[in-house]
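Take a look at the structure set out below.
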Amino acid sequence: MRKLPFDKAKLEEISAKWPTPFHIYDAKAIRENAKRLKKAFSWNKGFREYFAVKAAPNPHLMKLLKEFDFGSDCSSMAELELAAKVGNVGEAIMFTSNDTPAAEFRRAWELGAIINLDDITHWDSVLEAVGGTDGSSDGLAPKPIDFCDRLFCCRYNPGPLKVGNSIIGKPEEAKYGMTREQLFECYSRMKAAGVTRFGLHAMVASNELDPDYIIDTARMLFDLVVALSSELGIQFEFVNIGGGIGIPYRPDQQAMDIANVGDGIEKAYKETIAAAGLKPIKLFMECGRCITGPYGYLVARVLHIKNTYRLYAGLDACMSNLMRPAMYGAYHEIVVPGKEDSSETSVYDVTGSLCENNDKFAIQRMLPVLAPGDLVVICDAGAHGHAMGFQYNGKLRSAELLLESDGSVREIRRAETLDDYFATLDFSGL
Ligand SMILES: *Cc1c(COP(=O)(O)O)cnc(C)c1O
């Protein structure tokens, strides 16, 4: 049974002020985890985690992570603005987008972000968006931009060279990144345009629990840096191994030992970058899930118990608060505070109220016997949880709360109201 950072009495106290459902994040645990991550990579001078904003796009969480010098990994206009709002600008932003609108390249450029190109054609898009030229144009283009102080990165897709992982799928079927040949061409074009500062990126896994997969990805990128450096005569400043470190959603799964991953990547670094005599390069990652995922909880209450062909526990939360079970069939552990030690159990489908039959947090789950009014805590909702919420069926997104290290609770996002829901409609003239 999962150990929670609050008991039933504390949750009742919180829900007197913020009615269920709500998301609550454990600040102390997030801090401890951030420290562990930094320690695992302390061998690498300049190591930096860029928190994947999409996992939990809340400025208060981003600010908490900034205490550890975590930057922001952004892939949309809103995420760029959020980063700027918490003071993550310049090279504290990794702009890893795909199919990118020009306005977003422009904004990323204005903010001084590290721009990570998903495709070889995106170099032209950047040039166009920021009004630069690569020197090969017809003279009608705006005057050249000085790229030499800006960091640019390319996203590599190894295709069939790398075996896929279950969520992200086979690399050759993934829409992200460039082929090896395109990488060489893109870097040489950037070099010709005056770019002098380079990084290399790949992200080929999602929710991966095998440390070797992450270590092998780093090694693959280090090898590629060695090849690119010698063939093109350019110098790399960083390798970004992406996100994708998994968390143990199921009770029988083990958390990845991050210290072990750090050691494995250090060994790969020594055998490649260091052995080739290259200048030291920085290791970046852009994890989301493993940074906040295990430390966020969706707290709801049982509204109804229904006994038909199955036994149903209907909650006051629904899939608009947590999409993962409906979307991926994902497993999320459920704890019933106050009934943790109950010996009486029943098998439930735990549902929400959406008119969709996949609106279920758990299917045929053994739980303590439930009654209306019971508090229910859905674990591991701290990443890709609230963030994925939507308003289908007129369901509103819940509040987000932060359980501070001193035990106090702070609202970091209010719950939506019907006025929010109707805000984009004009009822006049009906
Ligand atoms: C989603 C995403 C991440 C974060 O992935 P996690 O699985 O949450 O670690 C990082 N980088 C990119 C480009 C992404 O799309």
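Computed values, structure above
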| read-out | value |
| --- | --- |
| Matching residues in the range 164-193 - criterion: being modelled with pLDDT under 90 and assigned to a helix (DSSP H, G or I) | Pro171, Glu172, Glu173 |
| All positions within the range 175-206 that are more than 13 Å from the ligand (Cβ to nearest atom) and within 23 Å of the chain's Cα centre (by Cα) | Met178, Gly199, Leu200 |
| Which numbered condition Gly277 fails, given (1) under 23 Å from Pro158 (Cα atoms); (2) more than 16 Å from the ligand (Cβ to nearest atom) | (1) |
| Index of the failed condition, Asn260 passing every other in (1) within 25 Å of Arg150 (Cβ to Cβ); (2) more than 15 Å from the ligand (Cβ to nearest atom) | (1) |
| Which numbered condition Met327 misses (of (1) within 16 Å of the ligand (Cβ to nearest atom); (2) surrounded by 18 or more Cβ atoms within 10 Å (Cβ to Cβ); (3) farther than 30 Å from Phe68 by Cα) | (2) |
| Candidates Ile265, Ile234 - the one that is among the β-branched types (Val, Ile, Thr) and assigned to a helix (DSSP H, G or I) | Ile265 |
| Subset of the range 145-163 that is surrounded by fewer than 15 Cβ atoms within 10 Å (Cβ to Cβ) and assigned to a loop (DSSP other than H, G, I, E, B) - its residue that is modelled with the lowest pLDDT | Val163 |
| Condition broken by Glu32, with the remaining ones in (1) more than 18 Å from Asn240 (Cα to Cα); (2) in contact (Cβ under 8 Å) with a residue 12 or more places away in the chain satisfied | (2) |
| Selected residue [more than 16 Å from the ligand (Cβ to nearest atom) and under 17 Å from the mean Cα position of the chain (by Cα)] from Asp124, Asp69 | Asp69 |
| Those helices (runs of 4 or more DSSP H) lying entirely in the range 1-85 with at least 3 residues assigned by TED's automatic domain parsing to the domain that holds Gly243 | 27-40, 59-66, 77-85 |
| Which listed residue is buried (at least 21 other Cβ atoms within 10 Å of the Cβ), within 16 Å of the ligand (Cβ to nearest atom) and in contact (Cβ under 8 Å) with a residue 40 or more places away in the chain, from Ala40, Ala52 | Ala52 |
| Filter result for Ala326 (aliphatic (A, V, I, L, M) and assigned to a loop (DSSP other than H, G, I, E, B)) | no |
| Residue count for the range 362-404, restricted to those that are under 14 Å from Leu61 (Cβ atoms) and of a type outside the set (A, V, I, L, M, F, W, C) | 6 |
| Tally of residues being in a loop (DSSP other than H, G, I, E, B), within 14 Å of the ligand (Cβ to nearest atom) and under 20 Å from Asp146 (Cβ atoms) across the range 86-116 | 1 |
| Selection from the range 354-399 of residues that are buried (at least 17 other Cβ atoms within 10 Å of the Cβ) and small (Gly, Ala, Ser) | Ala362, Ala381, Gly382, Ala383, Gly385, Ala387, Gly389, Ser398, Ala399 |
| Qualifying residue in the range 98-109 (condition: buried (at least 22 other Cβ atoms within 10 Å of the Cβ), acidic (Asp, Glu) and either touching an Asp or Glu at 6+ places or on another chain (Cβ under 8 Å) or not assigned by TED's automatic domain parsing to the domain that holds Pro280 (or both)) | no |
| Answer residue from the range 207-220, given it is surrounded by fewer than 20 Cβ atoms within 10 Å (Cβ to Cβ) and assigned to a loop (DSSP other than H, G, I, E, B) and is farthest from the ligand (Cβ to nearest atom) among those | Asp210 |
| Answer from Asp341, Asp257 - the residue that is among the acidic types (Asp, Glu), surrounded by fewer than 18 Cβ atoms within 10 Å (Cβ to Cβ) and not assigned by TED's automatic domain parsing to the domain that holds Cys154 | Asp341 |
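The values are calculated or read from the model by the stated rules, or taken from the named source; none is laboratory data. These figures come from a predicted structure and were not determined experimentally. Backbone-built Cβ (ideal geometry, glycine too); neighbour counts: all protein chains shown.
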